[in-house]
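See structure below.
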Amino acid sequence: MEELLKNIKEEIKNITDLKSLNELKIKYLSKKGPINELSLKMKDLSIEEKKEYGMKLNAFKNEVNNLFDTLKEKLETEELNKKLENEKIDISLPATKINVGAPNILEKVVEDFEEVFMSMGYDVVDGPEVEEDKFNFELLGLPKGHPARDAQDTFYVKGDEMLMRSHTSPVQARTMLKYEGKEPVRIICPGKAYRRDDDDATHSHQFTQIEGLLVDKDISLSDLKGTVTLICKKLFGNDTITRFRPSYYQFTEPSVEMDISCFACKGNGCSICKNTGWITIGGAGVVHYDVLKGCGYDPNIWSGFAFGFGAERCAMLKYGINDIRTFYNTDLRETRNFDRKDAE
Ligand code: PHE
């Protein structure tokens, strides 16, 4: 026993982890181990001898167990401390920044338009993006075979009757027909339009327009000018000046192109306005006699104006974005930049 105890003490000194401790324990304390062998010797002894031997053996076993238990406890504590040390939380570390979502900048421009128009009593309406030829072209003075249809580069969906609307103007026709020529109309319709354009910095096969239509009695071009000017001042700043250039659309007469004075250089000329001092933001005009008639409004009683703003164009100008594709990719760095600019 003394010999064994000495060996165990010797070996246990070098143990530094629980696994080796367990192995050592198995070596000495398993059924086939030397300590059990000592117990087996009991059966060959006389009753007297058994008593003395038994006591010694018990004391010896206790001491061995003690040795193992003490070290086990020590190693376990060490292991726990090490674990706690590794999992320590440094509360003085700066927190990880969480990026919160920001409204899409295009969406924001559309909402700004909606808000201003709603404050002037306009309703915001919707129309289908997959549209009938009748609404997209025919009722707007573009019958089949009309050469100006080519300019719209339309995506056809089914034969030549269904198409992806090439502008939001079909909503004008839809709304007038719905109101059945009985009441004044005052709506805007922001939405997507599609054209078979090659995508580049200023063209996208899908883009956003903000259509507007007002039909009432005694409406003239000056009402359009007044309304658009007021809207532009609200959206682009009070010192914004508007300019209307003669243009041509089949569904308005007269037709105009709407420009605003460049808000970056206040009309002096800069890179944004290509040194002209002016920026084109959409087309408009007085609703054509035939369009009113075709949509159930008596042109001798009613008159109106319509306009179409290019939403991406307005957003690009307002936020200094020089590529229309920016709106449709998912680069978060861009969105964050917008976010910051907006906050300023
Ligand atoms: N629909 C025209 C376009 O897409 C814009 C427009 C709208 C012009 C309303 C006049 C009136 O270019």
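Ordered by 1.4 Å accessible area with all protein chains kept, S46, S204, S222 run largest first as S222, S46, S204. Each Lys and Arg adds +1 at its Cβ and each Asp and Glu adds -1 at its Cβ; summed about the Cα centre, the chain shows a dipole of about 1000 debye.
In order along the stretch 189-197, the Karplus-derived 3J(HN,Hα) couplings, from 6.51 cos²θ - 1.76 cosθ + 1.60 at θ = phi - 60°, round to 9, x, x, 7, 9, 9, 9, 7, 8 Hz, and Gly and Pro are given as x. For the stretch 2-87, the relative contact order is 34 percent, taking Cα pairs closer than 8 Å that sit 6 or more residues apart in sequence and dividing their mean separation by the residue count. Here the contact order of the stretch 166-236, divided by its residue count and restricted to Cα pairs under 8 Å and six or more residues apart, works out to 31 percent. Per atom type, the chain shows carbon and sulfur on 51% of its accessible surface, probed at 1.4 Å.
The simple Förster model, with R0 at 45 Å and r as the Cβ-Cβ distance, assigns E37 and N81 a FRET efficiency of 0.75. Taking amide H atoms as placed 1.01 Å from N in the peptide plane, the amide H of T202 lies under 5 Å from those of I324, each 5 or more residues away in sequence or on another chain. Excluding ligands, DNA and RNA, the accessible surface per residue across the stretch 145-281 is 49 Å² with a 1.4 Å probe. Here the chain is treated as a sphere whose radius is the Kirkwood value from Cα pairs; by Stokes-Einstein at 4 °C and 1.567 mPa s it diffuses with a coefficient of 48 µm²/s. The largest accessible area among H203, H288 belongs to the first residue in H203, H288, and the rest follow in falling order (1.4 Å probe, all chains).
Can you give the extra length, in nm with one decimal, that the chain gains between L177 and I241 once fully stretched, where that is 0.36 nm per residue apart less the Cα-Cα distance? This chain segment gains 19.6 nm when fully extended. Taking all Cα pairs closer than 8 Å and separated by 6 or more residues, the relative contact order of the stretch 105-343 comes to 21 percent.
Absence of a disulfide-compatible partner, taken as no other cysteine beta carbon within less than 4.7 angstrom, is noted in the chain for C189, C232, C295, C314.
For the stretch 1-47, the share of alpha carbon pairs falling in successive 10 Å distance bins from zero is 24, 46, 22, 8, 1 percent. Loop-located trypsin sites (Lys or Arg not before Pro) in the stretch 206-285 (DSSP state not H, G, I, E or B) with no more than 10 neighbouring Cβ atoms inside 10 Å: K217. Residue order by solvent-accessible surface for H205, H146, H167 is H205, H146, H167, largest first, with ligands and nucleic acids left out and a 1.4 Å probe. Counting only Cα atoms, the stretch 2-87 measures 59, 19, 19 Å along its principal axes, largest extent leading.
Distance from the Cα centroid of the stretch 124-186 to that of the stretch 207-268 is 22 Å (rounded to whole angstrom). Within the full protein context, the accessible area of D112 is estimated at about 30 Å² for a probe radius of 1.4 Å. Within the full protein context, the accessible area of V157 is estimated at about 80 Å² for a probe radius of 1.4 Å. For the stretch 136-146, backbone phi angles converted through the Karplus equation (6.51, -1.76, 1.60; θ = phi - 60°) give residue-by-residue couplings of 5, 10, 4, 5, 9, x, 10, x, 4, x, 5 Hz, Gly and Pro being listed as x. When nucleic acids and ligands are ignored and a 1.4 Å probe is applied, L45 ends up with an accessible area of around 50 Å². Restricting the trypsin sites (Lys or Arg not before Pro) of the stretch 1-73 to loop positions (DSSP other than H, G, I, E, B) with no more than 12 neighbouring Cβ atoms within 10 Å leaves K31, K32.
The values are calculated or read from the model by the stated rules, or taken from the named source; none is laboratory data. It should be emphasised that the depicted structure is a prediction, and the values quoted were computed from it without experimental measurement. Note that each Cβ is placed from the backbone with ideal geometry, even for glycine, and that neighbours are counted across all protein chains shown. These accessible areas exclude ligands, DNA and RNA; they are computed on the full protein's heavy atoms, side chains included. Shrake-Rupley method; radii C 1.70, N 1.55, O 1.52, S 1.80 Å.
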